[in-house]
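Undergrad: Input: one structure, supplied below.
The values are calculated or read from the model by the stated rules, or taken from the named source; none is laboratory data. No experiment lies behind these values; they were computed from the predicted model shown. Note that each Cβ is placed from the backbone with ideal geometry, even for glycine, and that neighbours are counted across all protein chains shown. The protein model used for the area step is the full one, side chains on, heavy atoms only, and it has no ligands, DNA or RNA in it. Shrake-Rupley method; radii C 1.70, N 1.55, O 1.52, S 1.80 Å.
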Amino acid sequence: QLPLLRRTTSHLRMWQLNKVTTIDFPALELIGEDLMLSFCWRLERLNVLKLLEIDEDLEMYVLHSLETISFPNLRQVGEDLELYTNDALTAIRFASLKLIGEDLEFFDNTAILEFDQDVFPRLEHVDEDFEVYLCAQLQSLDVPQLVRIDEDFLLFGNPNLVTVTLPLLEDVAAREGGGMLITDNLALTHFNLTSLRRVGNSTARMGSRDGSRDIRLYTGAFRWQVRGQEARPILIAHNPKLLSISFPELEILNTGLWIQRNHKLQNISLDSLKSGLCGQFFVIRFQPNLGKGGLHVPSLERGCTPALVNLNCNSPDFCVENPPVLWLRPWMCRESYHDYHHRARTCPDPFFANVGCGRNPERCTSVFYDWAMENSYDFEENVVQPWVSSRFAPYRAAGHH
């Protein structure tokens, strides 16, 4: 207990205080650097009711007895806000927080059921990543005032997540060359971002990342086929109950799009999409219930062309009605244009197969797609998720290790 401490220009770090049950800073208003609490096994109560600002990180992790986190007057976290591996945590309240200066990282909080409107009722802007993953019992995510995520939106490995509500979100990754990772949410039925207008930034690359090199190494693809694929895409995959994806106001997509292996998916609505996709991947495949008219992109304008377009291996009757651009014509709804049943029987399809793949170009092509998709993110898809099967079976089957 420090009843008179009002501000500190340095860090405030407490860890391995194994006998402490209460931490009380009743007068504290400003922390000039980090606030960190970790490995305090018996901590049950934290009082920082007057705290207004943390100039750097707020980190709270491995606190096995803390049931409630409340910062009622905190307005700004200058860098990262990290809450993870807090096994008893059931309630979170940041009633006044509007800005997170870098990442919001929320993961492995196994008891939390609802990430509802009371958690961040006034949060408007996350300056880097918004990450919610590996929360075993989480059922809903609702951030009512969030408008901007300046880098990636990551939502994966939440086996009981049913609803995602971000009614005012307009921009994702508009500053960096990034996108979204929405995978392995086993109960999610709809992914609708009703106000989203822009995703990605085609002029901002991630620097000297190894994405293109690794794709070539593992798949035999040629250099020109994967040039410039360091930017992270919108990746929506392995959500087995997902029925619909809807971004009705999305106009600009300055990154790639991968939608793959969502077995119940019936509808993808991109009704306002006009531009973007220059030199990127546009891949929608292995959705067996995505049928005729399941993809809506009526407003696309001619000009930019993706480096790779593949809409094969969906349902036998999948097609695009009245495609507005030439690169969607191979999948247009016209009976005489293609034998859709034959296309389905060729899955994994030979499209984009390479001479360098050897005797089995179809298998090598399948490896290319899976590897290119999964390798688009840094570490997230390599996190152990005990409720999903191994993601790397295709590489082993093809003899790539």
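Undergrad: Multiply the residue separation of residue 194 and residue 145 by 0.36 nm, subtract the distance between their alpha-carbon atoms, and state the gained length in nm to one decimal. Intermediate results must be reported in sequence, preceding the final value.
TA: Details: separation 49, 0.36 × 49 = 17.64 nm, distance 1.31 nm.
16.3 nm is the gain from fully extending residue 194 to residue 145.
Undergrad: Per residue, how much accessible area does the range 48-170 have with a 1.4 Å probe, in Å²?
TA: On the way: 3950 Å² over 123 residues.
That works out to 32 Å² for each residue.
Undergrad: OK, next. Looking at the square roots a ≥ b ≥ c of the eigenvalues of the Cα gyration tensor of the range 279-325, which shape do they give, rounded for a/c under 1.5, prolate if a/b is larger than b/c, or oblate?
TA: Judged from the Cα gyration tensor, the range 279-325 comes out oblate (a/c at least 1.5, b/c at or above a/b).
Undergrad: Please work out how much accessible surface residue 64 shows to a 1.4 Å probe, ignoring ligands, DNA and RNA, in Å² rounded to 10.
TA: 60
Undergrad: Can you sort 22, 85 by 1.4 Å-probe accessible area, starting with the largest? Could you put the intermediate results ahead of the total?
TA: On the way: 22 65, 85 30 Å².
Reading off the accessible areas and sorting them downward yields 22, 85.
Undergrad: If you plug each phi of the range 52-69 into the Karplus form 6.51 cos²θ - 1.76 cosθ + 1.60 with θ = phi - 60°, what whole-Hz ³J(HN,Hα) values come out, in order, with x for Gly and Pro?
TA: So the J values, rounded to whole Hz, are 9, 8, 10, 6, 10, 8, 10, 10, 9, 8, 6, 10, 7, 10, 7, 9, 10, 10.
Undergrad: Between residue 322 and residue 14, take the C-beta separation as r, use R0 = 51 Å, and let me know the FRET efficiency to the nearest 0.05.
TA: The value I calculate is 0.25.
Undergrad: If you don't mind, another one. Run the reach check for residue 241 against lysines, Cα to Cα strictly under 21 Å, same-chain hits fewer than 8 apart removed. What comes back?
TA: Partners found: 264, 292.
Undergrad: Could you order 327, 41, 258 so the one with the most accessible surface comes first? Probe is 1.4 Å.
TA: Order by accessible area, largest first: 41, 327, 258.
Undergrad: Roughly how many Å² is the accessible area per residue of the range 282-333, as a whole number, for a 1.4 Å probe?
TA: Values: 2010 Å² over 52 residues.
Accessible surface, normalised per residue, equals 39 Å².
Undergrad: Rounded, prolate or oblate: which fits the range 44-196 when a ≥ b ≥ c are the square roots of the eigenvalues of the alpha-carbon gyration tensor, with rounded for a/c under 1.5 and prolate only if a/b beats b/c?
TA: Verdict is oblate for the range 44-196.
Undergrad: Roughly to the nearest percent, how much of the accessible area of the range 96-179 is carbon and sulfur, given a 1.4 Å probe? Don't skip to the answer; put the middle values down first.
TA: Details: 1050 of 2450 Å².
Of the solvent-accessible surface of the range 96-179, carbon and sulfur hold 43 percent.
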